[in-house]
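Just below is one structure, and these are the notes that go with it.
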Amino acid sequence: MSSCIASLRAYEVLDSRGRPTVEAEVTLSSGITARASVPSGASTGRHEAVELRDGDAARYSGRGVLRAIANVEGEISAALRGLDATERALIDATLRSLDGTPNCSRLGGNAILAASVATARAAALAQDVPLWQHLGGDQSSVLPRPMINALSGGLHAEHSVDLQDYLAIPVAATTFPEAIEHVARVLAALADELRARGRTLLRADEGGFAADLGNRDGLELLVAAIERAGFAPGDEIAIGLDVAASHLVAEGGYRLAADNETVTADVWSERLIAWTQDFPIVSIEDPFGEDDWAPWPRLTAALESRVQIIGDDLLCTQLDRLEQAISTDAANAVLVKANQVGTLSDALAVGARAREANWRVIVSARSGETEDDWLADLAIAAGPGQLKVGSLTQSERLAKYNRLLRISATRADGGALARWGSA
Ligand code: PGA
Ligand code: ZN
């Protein structure tokens, strides 16, 4: 069969932080080859798949991935050889059972995901369909609505502010290209606002401005930028936050260094609720720590469906943690990061289960990305939903946005989005 896997090879390439990561290349018996590289987080969750690093201090400060690469070229290549690349469920199940651990710690989540994506891409080529169609089928046609990083803090910006992301969400845009253009206008206005206030325009890992601010100041600044750009805050451009609170956990609650205070989970919850009344916030990610389950349901209930409460570090794209969150109403949206779980099939299964429970699904990049663009296809396949990639700068971010702009240009509907609130 021409879509049979003949072999896999792999090698190190660099991510957007200049750190090595895995790129895998699959060759089919027909001669078709395809490759894929995988991203890497900084504010990683404790429960995510293990990224296998060499730990050899003499190379890349221990961050080399030669062991993961050896696993792709050795065990993984041997196990996949002869399988039909188009049988994605079988390929991904083979990868997971070959690893044999719940968190991919034996072969490495980086080795497994690179093999999973490269194989899916080869399969799409063999079937002569785009990757999104191979992953999602013909019915996956709606593009994801982007939520775009405007201001960055936390581990992505040397803790300039405590909250990791202040995002602009183009809620009124009806197509993907329109959504991008709306946010580009807001980001230009934000640069003007920062300049007018004598603030730095330095950028953080995901391309957001790394301004040194109080946490609430970031909200005021973003609203000012939305207005300066000529949009109605809330009706046209709304605000999303990624608190990434696992990294703020401290004795007695949550440490807000930018505001020089430590608050209990209850006080923090009340503060977030107050902010949603004062600002057009429609999305809050990781408001509490990854193992601090108790306050999540209360906040989710208090904000009802007005605000999507997203579990990232809380859920780590793991089905069992998602089930726990669904049964306790701990959140109402899941962030899907394929490298938190290991394979594309696992990531799609988490997205499908969330949608079945009427949760929203946000497919996300990592803070360390490569110029690969498969995430754009995954976001279409997992949709209709949303996409979180970072700011509108830096080629590792633009690769994903530009792929979706290109796909939009081929669509009769211009890259239509689902109405905000429905996905
Ligand atoms: P990470 O950040 O890739 O550093 O984990 C992304 C996020 O927290 O959403
Ligand atoms: Zn996050």
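The values are calculated or read from the model by the stated rules, or taken from the named source; none is laboratory data. This structure is a prediction, so every number in the text was calculated from the model and none was measured. Note that each Cβ is placed from the backbone with ideal geometry, even for glycine, and that neighbours are counted across all protein chains shown. All accessible areas refer to the heavy atoms of the entire protein, side chains included, with ligands and DNA or RNA removed. Shrake-Rupley method; radii C 1.70, N 1.55, O 1.52, S 1.80 Å.
The rows are residues; the columns are (1) open to solvent by 50 Å² or more (accessible area, probe 1.4 Å); (2) modelled with pLDDT under 95; (3) within 30 Å of GLY311 (Cβ to Cβ).
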position: LEU8; (1), (2), (3): no, no, no
position: THR21; (1), (2), (3): no, no, yes
position: ALA36; (1), (2), (3): no, no, yes
position: THR44; (1), (2), (3): yes, yes, yes
position: ALA49; (1), (2), (3): no, no, yes
position: ALA79; (1), (2), (3): no, no, no
position: ALA85; (1), (2), (3): no, no, no
How about region 230-271: which strands (runs of 3 or more DSSP E) wholly inside it have at least 1 residues that are crowded, with 21+ Cβ neighbours inside 10 Å and among the aromatic types (Phe, Trp, Tyr)? 253-256
Residues that are away from ligand 2 (no atom under 16 Å from the Cβ) and within 28 Å of ASP242 (Cβ to Cβ): find the strands (runs of 3 or more DSSP E) completely inside region 1-116 holding 3 or more of those. 20-28
State whether one or more residues within region 391-402 are free of Cβ contacts under 8 Å to residues at least 24 places away in the same chain and away from ligand 2 (no atom under 16 Å from the Cβ). yes
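Among the residues of region 211-229, which ones are open to solvent by 60 Å² or more (accessible area, probe 1.4 Å) and within 24 Å of ALA179 (Cβ to Cβ)? Outline the logic, then answer.
Of the residues in region 211-229, the ones open to solvent by 60 Å² or more (accessible area, probe 1.4 Å) are 212, 216-217, 220, 227-228.
Within region 211-229, GLU220, GLU227, ARG228 meet the criteria.
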Of the numbered conditions (1) open to solvent by 30 Å² or more (accessible area, probe 1.4 Å); (2) in contact with a strand residue (DSSP E or B) (Cβ under 7 Å, 6 or more places away or on another chain), VAL117 fails exactly one; give the number of that condition. (1)
Kindly indicate the residue of region 120-144 that is open to solvent by 10 Å² or more (accessible area, probe 1.4 Å) and touching a strand residue (DSSP E or B) at 6+ places or on another chain (Cβ under 7 Å) and also nearest to ligand 2 (Cβ to nearest atom) among those meeting that condition. VAL142
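More than 15 Å from ligand 1 (Cβ to nearest atom) and assigned to a strand (DSSP E or B): which single residue out of ALA179, ALA211, ALA168 fits that description? Break it down stepwise before answering.
On the way: ALA179 fails: assigned to a strand (DSSP E or B); ALA211 fails: assigned to a strand (DSSP E or B).
The match here is ALA168.
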Would you mind stating whether ALA173 is surrounded by fewer than 19 Cβ atoms within 10 Å (Cβ to Cβ), small (Gly, Ala, Ser) and more than 16 Å from ligand 1 (Cβ to nearest atom)? no
Members of region 179-198 that are crowded, with 16+ Cβ neighbours inside 10 Å and farther than 29 Å from THR44 by Cα: HIS182, ARG185, ALA189, GLU193, LEU194
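Out of ALA57, ALA120, ALA78, report the one residue that is in contact with a helix residue (DSSP H, G or I) (Cβ under 7 Å, 6 or more places away or on another chain) and aliphatic (A, V, I, L, M). Reasoning before the result, please.
On the way: ALA57 fails: in contact with a helix residue (DSSP H, G or I) (Cβ under 7 Å, 6 or more places away or on another chain); ALA78 fails: in contact with a helix residue (DSSP H, G or I) (Cβ under 7 Å, 6 or more places away or on another chain).
Exactly one of ALA57, ALA120, ALA78 is in contact with a helix residue (DSSP H, G or I) (Cβ under 7 Å, 6 or more places away or on another chain) and aliphatic (A, V, I, L, M), namely ALA120.
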